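Report on the structure given below.
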Amino acid sequence: MSAGTRWIVAIIGLLAVNLVAMGVLMGAARSGPPQVIPDYYDKAVHYDNAIDQAARNRSLGWRVTPRWVSEFVADVVDRDGKPLVGATVVVAKRPRTANQNRGLYDLTITVTRGRDVFVETVVAEAR
């Protein structure tokens, strides 16, 4: 096989792989309902704030575990796994978008102790 023929085969092979990849991506995009990120514009505008808060959360080392007990509550522990004493915990819930399962909520959990503020957003299910 000459060098020119090898180049032609390589180019046709790359085009064929590209077509297969596009077919797989189109099939994946069509499975399930369309998903829209809630409040996407507001999240984009405040992206830097979210990055800064995530860094503060990591430095605090606190862990939050939401659970459902006729309403959402959150258990908060420190870096060593001990319950966080003297903290105020606020759980704000918002239902997920209408095209998703019922009972799913976006929870914004804010934990304050002194000047330290920990904010985490999680998805939780009410049962």
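Could you list, in sequence order, all residues of segment 57-88 that are farther than 19 Å from TYR105 by Cβ and exposed (fewer than 14 other Cβ atoms within 10 Å of the Cβ)? Steps first, please.
We begin by selecting, within segment 57-88, every residue farther than 19 Å from TYR105 by Cβ; these are 57-63, 77-88.
ARG58, SER59, GLY61, ARG79, ASP80, GLY81, LYS82, PRO83, VAL85, GLY86, THR88, listed by residue number.
Scanning segment 8-44 for residues that are of a type in the set (S, T, N, Q) and loosely packed, with under 10 Cβ neighbours inside 10 Å gives SER31, GLN35.
From THR110, THR88, grab the single residue that is of a type in the set (Ser, Thr, Tyr), at pLDDT below 95, more than 15 Å from the chain's Cα centre (by Cα) and assigned by TED's automatic domain parsing to the domain that holds GLN53. Walk me through it before giving the result.
Details: THR110 fails: at pLDDT below 95.
On inspection, the qualifying residue turns out to be THR88.
Yes/no per residue for (1) within 25 Å of ARG96 (Cα to Cα); (2) outside any helix (DSSP H, G or I); (3) at pLDDT 95 or above:
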{"position": "GLY4", "(1), (2), (3)": "no, no, no"}
{"position": "VAL9", "(1), (2), (3)": "no, no, yes"}
{"position": "ALA16", "(1), (2), (3)": "no, no, yes"}
{"position": "MET22", "(1), (2), (3)": "no, no, yes"}
{"position": "ALA28", "(1), (2), (3)": "yes, no, no"}
{"position": "ILE37", "(1), (2), (3)": "yes, yes, no"}
{"position": "ILE51", "(1), (2), (3)": "yes, no, yes"}
{"position": "ARG56", "(1), (2), (3)": "no, no, yes"}
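What number of residues within segment 68-80 satisfy the criterion of being outside any loop (DSSP other than H, G, I, E, B) and either among the β-branched types (Val, Ile, Thr) or free of Cβ contacts under 8 Å to residues at least 12 places away in the same chain (or both)?
The initial filter retains those residues of segment 68-80 that are outside any loop (DSSP other than H, G, I, E, B), namely 68, 72-77.
Within this subset, residues satisfying the condition of being either among the β-branched types (Val, Ile, Thr) or free of Cβ contacts under 8 Å to residues at least 12 places away in the same chain (or both) are 73, 75-77.
Total satisfying the criteria: 4.
The values are calculated or read from the model by the stated rules, or taken from the named source; none is laboratory data. Note that the coordinates shown come from a computational prediction; the quantities given were computed from them, not determined experimentally. Cβ coordinates were reconstructed from backbone atoms using ideal geometry, including for glycine residues, and neighbour counts include every protein chain displayed.
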